[in-house]
Amino acid sequence: MADPPAKPQWPQGGPLPQRFSSNYARYRERGGLLDVAEDARAYAGADKVLDKERFVFLSLAFDQIAKEGLTGDVVELGVYQGQTATILARNARRLGRTAWLMDTFTGFDAKDFVGADAGRGPQFTDTSLEAVRARVGEENTHYIKGFFPDTAAHLPPDGRYCLVHIDVDLYAPILSALTFFYPRMVPGGFIVVHDYGSLAWEGADKAVDVFFADKPECPIQMPDSAGSIVVRRQRPASAATWMQAKQVVPVGEWRPTANGQAASVLGEGWFRPEPWGVWGVGPSHVIGIVPDDPGLENFALDLDVHAVVQPSRPTLLVDVLVNGEPAAQWRFSEAENRGVRTLTVGRPAAVPATVELRPQSVLTPRDLNPASNDTRPLGVALHRLRVR
């Protein structure tokens, strides 16, 4: 059996979010994207001082993109030496997406020294496309060199994006980037603009404020060193939420509940997933299901379940409700415990269809056996489920 992943340490010390530190083994067990130690090394490169807050935020953003199943590619406009690009490209590869890295790779273009940025001079010239390419790599990564927005023509004409990182400092290119990418963001997609709150670049906060003044989304400042902001693209009111989308279950396929594989269909009353499945706890356990066949008005739902039965409680009765109405009563005993039990479920007008399990007796293993150390109020254990 492989050893659990070691608790990562940030190179400069200081705490990391618990999912990346004290709960890192659980994070990886549940399919977390990041290899924190390797990602931090790639992000740092040869630098001694790291903007840990930006690294952590982008890492969390990619976790959320994966959790919500957001589609779309990744873009960085303003790559400079490729520090942030390493994180964007590494996670794009993990998600099977493309990272588009856009820059002049020669520093500021004088055409952008206008308005609030008039009088600025050349900066960020200590870079090159070749150096960034060597640092970031080629896999799932496209490099676009030149002046934006002219270079937008090199992006896919039907391109859609889940995360766009804008780090160009100046009013004109920031406004051009927001104008171009905002309508191309997938619902829930992340727009990050660097330097908004740094007070070092007059044009950065002005461009963001002007652009979002008439938009439904509001910028939120991040606590990174340059005062970046993040905006998540609003979903249309008629669109299914990401949770509803994840409650869609393929017809005919067993879905295991081990290690969180069915977390999106498990509502209230479930304990955290374990390697074998998940325990229902308390007096009610709720499941929400949307079959992936839109023409399926009624369907069978198979639940592979068992319950705790002991000589001190030889049977357990469980009332089952479908869409809020009584549908069945299940009896668990030593003779009839673990097995597949089937319900007929009608598809409601409003998704998802719901199944609620209500154990008539909720006791802890310690209540049933004083030798047990388990004090959870266990009801029904769920191993897997299937729609057919």
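Structure notes:
- Here is the figure for segment 297-320: residues that are without any contact (Cβ under 8 Å) to a residue 60 or more places away in the chain and over 24 Å from residue 335 (Cα atoms) total 2.
- Matching residues, segment 45-83, being assigned to a loop (DSSP other than H, G, I, E, B), at negative phi and either of a type outside the set (Lys, Arg) or modelled with pLDDT of 90 or more (or both): 46, 47, 49, 50, 51, 70, 71, 79, 81
- Selection status of residue 293, closer than 17 Å to residue 385 by Cβ, in contact (Cβ under 8 Å) with a residue 60 or more places away in the chain and surrounded by fewer than 17 Cβ atoms within 10 Å (Cβ to Cβ): no
- Of the residues making up segment 307-315, at least one is in a strand (DSSP E or B) and either among the hydroxyl-bearing types (Ser, Thr, Tyr) or out of contact with any strand residue (DSSP E or B) (no Cβ under 7 Å at 6 or more places or on another chain) (or both).
- In segment 203-221, the condition of being more than 17 Å from residue 58 (Cβ to Cβ), in contact (Cβ under 8 Å) with a residue 40 or more places away in the chain, assigned by TED's automatic domain parsing to the domain that holds residue 149 and of a type in the set (Phe, Trp, Tyr) is met by no residue.
- The number of residues in segment 279-306 that are within 21 Å of residue 68 (Cβ to Cβ) and either in a strand (DSSP E or B) or among the basic types (Lys, Arg) (or both) comes to 6.
- Among the candidates 172, 153, residue that is touching a residue at least 60 places away in the same chain (Cβ under 8 Å), among the small types (Gly, Ala, Ser) and farther than 24 Å from residue 86 by Cβ: 172
- On inspection, residue 196 qualifies as touching a Gly at 6+ places or on another chain (Cβ under 9 Å) and hydroxyl-bearing (Ser, Thr, Tyr).
- Filter result (under 21 Å from residue 207 (Cα atoms), assigned to a helix (DSSP H, G or I) and not charged (D, E, K, R)) within segment 127-151: 151
- Residue within segment 114-129 that is at pLDDT 90 or above, surrounded by fewer than 19 Cβ atoms within 10 Å (Cβ to Cβ) and either at negative phi or in contact with a His (Cβ under 6 Å, 6 or more places away or on another chain) (or both) present: yes
- Qualifying positions in segment 256-278 - in a loop (DSSP other than H, G, I, E, B) and surrounded by fewer than 17 Cβ atoms within 10 Å (Cβ to Cβ): 261, 268, 272, 274, 275, 276
- Selected residue (criterion: farthest from the chain's Cα centre (by Cα)) from residues of segment 152-206 that are aromatic (Phe, Trp, Tyr) and part of a loop (DSSP other than H, G, I, E, B): 201
- For segment 139-150, the tally of residues that are modelled with pLDDT of 95 or more and either of a type outside the set (A, V, I, L, M) or in contact with an Asp or Glu (Cβ under 7 Å, 6 or more places away or on another chain) (or both) stands at 6.
- The condition of being outside the structural domain of residue 61 (by TED's automatic domain parsing) and either buried (at least 17 other Cβ atoms within 10 Å of the Cβ) or more than 30 Å from residue 261 (Cβ to Cβ) (or both) holds for residue 248.
- Only one entry of 309, 345 meets the criterion of being among the β-branched types (Val, Ile, Thr), closer than 30 Å to residue 371 by Cα and at pLDDT below 95, and that entry is 309.
- Candidate set from segment 333-359 (those that are small (Gly, Ala, Ser) and not in a loop (DSSP other than H, G, I, E, B)); member that is nearest to residue 268 (Cα to Cα): 353
- Test: residue in segment 360-379 that is within 19 Å of residue 316 (Cα to Cα), of a type in the set (A, V, I, L, M, F, W, C), at pLDDT 95 or above and not in a loop (DSSP other than H, G, I, E, B): no
- Checked against (1) over 30 Å from residue 307 (Cα atoms); (2) of a type in the set (A, V, I, L, M, F, W, C); (3) free of Cβ contacts under 8 Å to residues at least 24 places away in the same chain, residue 263 passes all but condition (1).
The values are calculated or read from the model by the stated rules, or taken from the named source; none is laboratory data. Only a predicted model underlies this, so the values are computations on that prediction, with no experimental measurement involved. Glycine gets a Cβ as well: all are built from the backbone with ideal geometry, and neighbour counts include every protein chain shown.
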